[in-house]
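Below is one structure, written out as structure tokens, with a few remarks after it.
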Amino acid sequence: MGNPRIFIVEDERRIARFLQIELEHEGYATAVEDNGLRAFERIAQEDYDLILLDIMLPDMDGMTICRKVREISDVPIIMLTARDDVEDKVNGLDLGADDYMTKPFAIQELLARVRNALRKPRADGREVSPEGEKLQVRDLVMYPSRYEVRVGNEEVQLTKKEYSLLEYLLRNKRNVLTRDQILQEVWGYDYTGDTNVVDVYIRYLRAKIDDHFGEKYIYTIRGVGYAIKD
Ligand code: CA
């Protein structure tokens with residue numbers, strides 16, 4: 001079985017490109033389409049493992065595409081909705097979408113939802129993602145499929161942001177990550193707030209993990225950024 005194929009249906013070129021780069025970096029194969037009608041035709045003819053579907057598209061909107069795809073396929077669909085458009089989310093889920101993301105989104109959260117959607121059992125019995133993935137540094141273990149973090153036998157309760165930050169560190173363990181990289185990946189490509197937010201969240205994580213368990217996991221690389229190490 002090859003890499004999961006993800007179809008990015010998005011007419012904003014900047015976002016489509018960003019998604020493509022990030023998904024390919026994670027090892028997925030991607031295809032991109034900016035026209036709604038062509039997107040539907042391609043979904044009907046080609047074989048994808050997951051569809052990222054924008055709503056406002058030329059020639060056929062994402063809601064219509066979702067409804068029509070559901071008549072022919074159970075391929076997982078994640079809708080990409082505009083900010084705070086609650087009605088779109090509800091409609092999208094009613095029409096059979098598996099999940100939705102509100103733009104602008106942080107890439108780590110999107111990747112988590114992609115992994116989750118790929119685990120959905122398919123009618124054809126195909127499974128594209130290994131069960132029980134485990135990210136580990138010594139006694140610190142994260143199970144992304146269960147959204148769970150443990151140190152030894154004790155479960156660590158993290159907020160969504162803390163979890164995303166820890167997951168990013170664990171997926172790049174031993175690499176030094178700069179504040180800018182962390183901001184871009186965990187807070188999103190158009191985050192405009194204070195870069196101190198990274199230091200603040202590193203502090204939260206250390207309080208809950210390093211300090212609480214009396215063992216050092218998260219290292220500060222002075223003048224550069226942070227790393228998690230064995
Ligand atoms: Ca659009």
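Values computed for the structure shown
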quantity	calculated
Some residue of the stretch 44-61 being among the acidic types (Asp, Glu), farther than 23 Å from residue 22 by Cβ and modelled with pLDDT of 90 or more	yes
Filtered residues of the stretch 73-86 (kept if open to solvent by 30 Å² or more (accessible area, probe 1.4 Å) and closer than 28 Å to residue 106 by Cβ)	74, 82, 83, 84, 85, 86
Those residues of the stretch 143-181 which are more than 17 Å from residue 201 (Cα to Cα) and hydroxyl-bearing (Ser, Thr, Tyr), in sequence order	143, 145, 147
Scan of the stretch 20-72 for residues that are within 16 Å of the ligand (Cβ to nearest atom), of a type in the set (Val, Ile, Thr) and open to solvent by 10 Å² or more (accessible area, probe 1.4 Å), ordered by number	32, 55, 64
Of all residues in the stretch 5-15 being over 18 Å from residue 109 (Cβ atoms) and of a type outside the set (Lys, Arg), the one that is most open to solvent (accessible area, probe 1.4 Å)	12
Residue list for the stretch 182-200, filter: surrounded by fewer than 16 Cβ atoms within 10 Å (Cβ to Cβ) and in a helix (DSSP H, G or I)	196, 199, 200
Lone qualifier among 179, 203, 174 - being surrounded by fewer than 19 Cβ atoms within 10 Å (Cβ to Cβ), over 25 Å from residue 116 (Cα atoms) and at pLDDT 95 or above	203
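The values are calculated or read from the model by the stated rules, or taken from the named source; none is laboratory data. Because the structure is a prediction, the values reported are computed rather than measured. FYI the Cβ positions are ideal-geometry reconstructions off the backbone, even for glycines, and counts take in every protein chain you see. Calculation scope for accessible area: heavy atoms of the full protein, side chains included, ligands and nucleic acids excluded. Shrake-Rupley method; radii C 1.70, N 1.55, O 1.52, S 1.80 Å.
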